[in-house]
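The values are calculated or read from the model by the stated rules, or taken from the named source; none is laboratory data. All figures in this text were calculated on a predicted structure; none of them were measured in a lab. Backbone-built Cβ (ideal geometry, glycine too); neighbour counts: all protein chains shown. For the accessible areas, the whole protein counts, side chains as well, though only heavy atoms, and no ligand, DNA or RNA atoms are used. Shrake-Rupley method; radii C 1.70, N 1.55, O 1.52, S 1.80 Å.
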Amino acid sequence: MLSRVQSAALVGVDAVPVDVEVDVSFGLPAFAIAGLAATSEQDARERVRAAVKNSHRDVPARRILVNLAPADVRKEGAAFDLPIALGLLVATGQLRPGVVDGVMAVGELSLDGRVRPTPGVLAVALLARRLGVRRLLVPNANASEAAAAGLAVVPVETVLEAVEVMEGRAAPRPVPAAPRESRVRHEVDFAEIKGQAHARRALVVAAAGGHHLLLLGPPGAGKTMLARRLPTILPPLGPDEALEVTKIHSVAGLVPPGVGLLSVRPFRAPHHTTSRQALVGGGSIPRPGELSLAHHGVLFLDELPEFHRDALEVLRQPLEEGVITIARVQMSVTLPARVMLAAAMNPCPCGYFGDARRPCGCTPPQVGRYRARISGPLLDRFDLHVEVPRLPPDDVAAAPAGEDSAVLRARVLAARVIQRRRFGRRRTGVNGRMSGRALRRFCPLEPGAAQLLRAATERLALSARAYDRVLRVSRTIADLDGVDSDEGITARHVAEALQYRLP
């Protein structure tokens, strides 16, 4: 007898439909899985066999063939265990055939028949909603996550419970309510920062316009401390952003059980030993890396020159386009990568080049080689280059006296409101992603500002990209001052923006 159950496979951060076909026929006893299945799916034979037997159902000594169609999509993970088990029960007459019509199922099985959580359930739920699936069977631990897609979710704990619910002999479990937090609480705050008024202002500008930021200074100056507080002044995730962020983290298996939509902007800080594949994503079946996991949030690269050169250089295109395309022989996957890049580095190997109170022990060639680890094109993609000096002894001993994150976040939100009115929902969204056409339209310069920028371009040898970035930062500074787009950007706004460029 032949049965068919709908399921889904993950490709990148999206799900694609897969039909799980189970055929049980007479012949030598065998259990085979076809359809370009990975090793984990070949192991599903033994998991399904044990789970069905321990659920007080029979696995006949016949020839069992499972086909995961289409065969040209590679399948990975254990999410097909539950649909294989349901298909086997239908094919052997232990479950009525009609009950699986219009149903999609995903879930890993334990040997005792329990249904374990599986990654990527939100992506599967979004696919099921798009296909008009009537019901989605998911592990109980993934129910809140799947319900965020807005369709009928049936959470199950065991194979036996799935059978009873499908046949109508048991009521479906209620989906646990897991609403998004209305107010995000952070464990850190800008009120804890001592001094560094210039760097604090730079972080506000970066947050207001979605600009990439490079912090340069000696060890212990507070670069990492500042960067880790950047998410505390960013606007909260919007509904669409929360859905995208949760889907990516779901595919990576990073959504905690019982959680619906994530409410906090991502902050990813990979170690400098991170490989290129781990940073930008990849694999035989491409999966998101740290770059995509920071989508709509902050990617922080501490000790920037210590990262592998090839890992850093591959960031250049995604930072411009907001996506990264990973090509394989059989597929090409586009992963989201719209991030704010924050990075920190020392000025030299010992860290004290240019320090007024501690001499640098590095030779000029050593300093040159150290800084050459960061290519010019990558440095050019940072909108703000901010020097973070070592604090004077009086500031170290004094209590923190700066504004807290709530005050700074209010300024950022006010500037973002101006940008939302400027660009609308279908445009770039923030100044840091303005196109060339938008620059010409929304960044008019007063005569004094234009003259200052021309002189700085010649003196600092700014590239065309750096020139545009100064314009974008100037527009953000003007937004923080409440200057309308129709009004010209002043020389003061341009002068502050130029402070954030390395000579």
Residues in the range 341-379 that a label on ALA461 would reach, taking backbone N under 11 Å of a point 7 Å out along Cα→Cβ: none
Theoretical gain in end-to-end length, VAL417 to GLN499 [0.36 nm per residue, Cα-Cα removed]: 27.0 nm
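Might you tell me the accessible area per residue for the chain, computed with a 1.4 Å probe and given in Å²? All intermediate terms of the calculation are to be shown ahead of the outcome.
Numbers: 22120 Å² over 503 residues.
For the chain, the solvent-accessible area averages 44 Å² per residue.
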Stretchable slack from LEU131 to SER375, in nm (0.36 nm times residue separation minus alpha-carbon distance): 83.2 nm
Cα-based helix-to-principal-axis angle, 239-251 vs the chain, degrees rounded to 10: 60
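Determine the order of ASP81, ASP310 by accessible area, beginning with the largest, at a probe radius of 1.4 Å.
On the way: ASP81 0, ASP310 80 Å².
Descending accessible area places them as ASP310, ASP81.
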Cα-projected label distance for ASP404 with LEU2, points at 7 Å along beta-carbon direction, nm: 6.7
Net lengthening on full extension, GLU187/SER110 (0.36 nm per residue, minus Cα-Cα): 24.0 nm
Amide proton proximity set for ARG62, modelled H, under 5 Å, gap of 5+: ALA30
Probe 1.4 Å - accessible area at VAL205, Å² to nearest ten: 0
Per-residue [θ]222 nm for the chain (sum of -39500 (n - 2.57) over DSSP H runs n ≥ 4, rounded to 500): -10000 deg cm²/dmol
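Just want to confirm a number: the relative contact order over the chain, from Cα pairs under 8 angstrom separated by 6+ residues, in percent. Write out the running numbers ahead of the final one.
Details: 1030 pairs, mean separation 69.2, N = 503.
Result for the chain is 14 percent.
Protein chains only, probe 1.4 Å: how do LYS75, LYS194, LYS247, LYS53 rank by accessible area, largest first? Before the final figure, lay out each step's value.
Details: LYS75 0, LYS194 70, LYS247 40, LYS53 115 Å².
Highest to lowest solvent-accessible surface, that is LYS53, LYS194, LYS247, LYS75.
Quick check: at a probe of 1.4 Å, how many percent of the accessible area of the range 47-169 sits on carbon and sulfur atoms? Kindly include the intermediate steps, with their values, before the conclusion.
Working: 2090 of 4380 Å².
Exposed carbon and sulfur together represent 48 percent of the surface.
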Residues ARG437 and THR274, FRET efficiency given R0 of 51 Å [Cβ-Cβ distance, rounded to 0.05]: 0.90
Using alpha-carbon coordinates, inclination of helix 197-209 to the longest axis of the chain, degrees: 50
Dipole of the chain, positive end: most advanced residue of ASN67, ALA414, ILE324 [Cβ charges, Cα centre]: ALA414
Shape of the range 71-136, Cα gyration tensor, a/c cut at 1.5: oblate
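Please say if the range 139-255 is rounded, prolate or oblate, where rounded means a/c under 1.5 for a ≥ b ≥ c the square roots of the C-alpha gyration tensor eigenvalues, and otherwise the choice is prolate for a/b larger than b/c and oblate otherwise?
Working: a/c = 3.72, a/b = 3.34, b/c = 1.11.
Because a/c hits 1.5 or more and a/b exceeds b/c, the range 139-255 counts as prolate.
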Solvent-accessible surface (1.4 angstrom probe) belonging to LEU254, in square angstrom, nearest 10: 80
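Can you compute the charge dipole magnitude of the chain about its Cα centre, using +1 on each Lys and Arg Cβ and -1 on each Asp and Glu Cβ, nothing else charged? Give it in debye, rounded to the nearest 20.
Working: 65 positive and 51 negative charges, 165 e Å.
The calculation lands at about 800 debye.
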Considering only the chain, percent of DSSP beta bridges that pair antiparallel, nearest 5: 45
The chain: angle of helix 44-53 to the longest principal axis, Cα-based, in degrees nearest 10: 50
Solvent-accessible surface (1.4 angstrom probe) belonging to ASP43, in square angstrom, nearest 10: 80
The range 293-434 - share of DSSP beta bridges that are antiparallel (%, nearest 5): 55
